[in-house]
Amino acid sequence: MADIILGIESSCDDTSAAVLRDGVLLSNVIASQQVHKDFGGVVPELASRAHEQNIVPVVSEALRKAGVTAADLTAIAFTRGPGLLGSLLVGTSFAKALSLSLDIPMVMVNHLQGHILANFVRQPEVPVREPSFPYLCLLVSGGNSQIVKVNSPLDYEILGQTIDDAVGEAFDKCSKMLGLGYPGGPIIDRLAKEGNPNRFTFAKPNIPGLDYSFSGVKTSLLYFVRDQLALDPNFLENNKEDLCASFQKTLIDVLMGKLIRAAKETRIREITIGGGVSANSGLRNRMLEEGAKRHWNVYLPEFKFTTDNAAMIAVAGWFQYKAGVRTPLDVAPVSRMADF
């Protein structure tokens, strides 16, 4: 009998549901929220209210596209955290209600674990290319910047992480400083393609070990722009492409420097990236360049699996379900999770 897993993702401002049959993706539906652009960032209260409106139609559409009914489901995988508590509460509550009504088990998933396993999303008629264990994952998003050693789908070791801000937040703050809009990552990536990455130089942190820091890079950009505007009020408008390209290159240099060191120390050549920032074209290109130079096997998730989506949650839940992991109905969502 086939295992049919429903995945539910509601950690931030995207409501998503996906269906897997024996590990193969049948559907992946995402409802995004546009209202937050007016505020320059996600408003938690608005996000949770939108999840309440979206969760039922999104799940219904995922089941319809998969060609299955709720009665066919074997288990439900859902994001417990980390994320916005109000948003997580909607997904968790829905998973509990459906689990109880269908008398099928639940499996809670760490949102970051989903990003780490995004390369294991299998699609019909798409060649399978998955990393071998152990592998290193550069996990980069708006809230996290980590280098994770993945020993198995259920065994993770954090080798390094940011001690202050995440790289995704640095992209968003840069965009705000330059008056470019939200979300900042895609905007900076687009403008960077038209600019000179070597035009300007920004400070790079000197953090021991494999940990990251991005607060100093942001401060360096802030002071540089302030000083240049004092000399030329049109500096931003005339140099925004070069600013974006140079700032993006600085962040990528920092990310890749520690990842290269981690690969040398662990002697692991299976390398992946995950998280929202893994959609950045500059980072993806740099990963491929370094991989070719250092004889890495590099795995890049498809763009549609880089942002928050339920396919990755369903895959992570499927691995746990197959290993016998089950989650009790009294589980509560958490905004932060100490480990994987």
Legend entry - Close pairs from the stretch 259-272: first closer than 11 Å to Val298 by Cα, partner β-branched (Val, Ile, Thr) and open to solvent by 10 Å² or more (accessible area, probe 1.4 Å), Cβ under 6 Å, at least 6 apart: Ile271/Val298
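Rundown of residues vs (1) out of contact with any helix residue (DSSP H, G or I) (no Cβ under 7 Å at 6 or more places or on another chain); (2) in a strand (DSSP E or B), yes/no style:
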{"residue": "Ser11", "(1), (2)": "no, no"}
{"residue": "Val19", "(1), (2)": "no, yes"}
{"residue": "Ala62", "(1), (2)": "yes, no"}
{"residue": "Thr79", "(1), (2)": "no, yes"}
{"residue": "Leu88", "(1), (2)": "yes, no"}
{"residue": "Phe94", "(1), (2)": "no, no"}
{"residue": "Ser101", "(1), (2)": "yes, no"}
Inset, instruction - Starting from the stretch 49-61, keep only residues that are within 11 Å of Ser87 (Cβ to Cβ), then list their pairs with residues that are open to solvent by less than 40 Å² (accessible area, probe 1.4 Å) and of a type in the set (Val, Ile, Thr) whose Cβ atoms are within a distance under 6 Å, requiring at least 6 positions of separation or different chains. - result: His51/Thr15; His51/Val90; Glu52/Val90; Asn54/Thr15; Ile55/Thr15; Ile55/Val90
Inset, instruction - Take the stretch 222-244 and flag every residue that is in contact with a Leu (Cβ under 8 Å, 6 or more places away or on another chain) and in contact (Cβ under 8 Å) with a residue 24 or more places away in the chain. - result: Val225, Leu236, Lys240, Glu241, Leu243, Cys244
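Please find, within the stretch 228-271, the residue that is most open to solvent (accessible area, probe 1.4 Å) out of those that are among the small types (Gly, Ala, Ser) and closer than 19 Å to Leu288 by Cβ.
Going residue by residue through the stretch 228-271, those that are among the small types (Gly, Ala, Ser) are 230, 245-246, 257, 262-263.
Adding the requirement that they be closer than 19 Å to Leu288 by Cβ leaves 245, 257, 262-263.
Values: Ala245: 5, Gly257: 41, Ala262: 0, Ala263: 9 Å².
Here the answer is Gly257.
Can you report the number of residues in the stretch 268-314 which are part of a strand (DSSP E or B) and either out of contact with any Gly (no Cβ under 6 Å at 6 or more places or on another chain) or under 19 Å from Val109 (Cβ atoms) (or both)?
7
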Inset, instruction - Considering every residue within the stretch 188-198, establish whether at least one is open to solvent by less than 50 Å² (accessible area, probe 1.4 Å) and either at pLDDT below 95 or basic (Lys, Arg) (or both). - result: no
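Within the stretch 27-39, restricting attention to residues that are open to solvent by 50 Å² or more (accessible area, probe 1.4 Å) and either outside any helix (DSSP H, G or I) or aromatic (Phe, Trp, Tyr) (or both), which residue is modelled with the lowest pLDDT? Give the steps one after another, and end with the answer.
Within the stretch 27-39, the subset open to solvent by 50 Å² or more (accessible area, probe 1.4 Å) is 30, 32, 34-35, 37-39.
Now drop any that are not either outside any helix (DSSP H, G or I) or aromatic (Phe, Trp, Tyr) (or both), which leaves 30, 32, 34, 39.
Numbers: Ile30: 94, Ser32: 75, Gln34: 62, Phe39: 57.
That would be Phe39.
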Inset, instruction - Filter the stretch 147-181 down to the residues that are under 16 Å from Phe202 (Cβ atoms) and aliphatic (A, V, I, L, M), then identify the one that is surrounded by the fewest Cβ atoms within 10 Å (Cβ to Cβ). - result: Met177
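The values are calculated or read from the model by the stated rules, or taken from the named source; none is laboratory data. All values reported here derive from a predicted model rather than from experimental measurement. Because the Cβ atoms are built from the backbone with ideal geometry, glycine has one as well, and the counts that use them run over all protein chains shown. The protein model used for the area step is the full one, side chains on, heavy atoms only, and it has no ligands, DNA or RNA in it. Shrake-Rupley method; radii C 1.70, N 1.55, O 1.52, S 1.80 Å.
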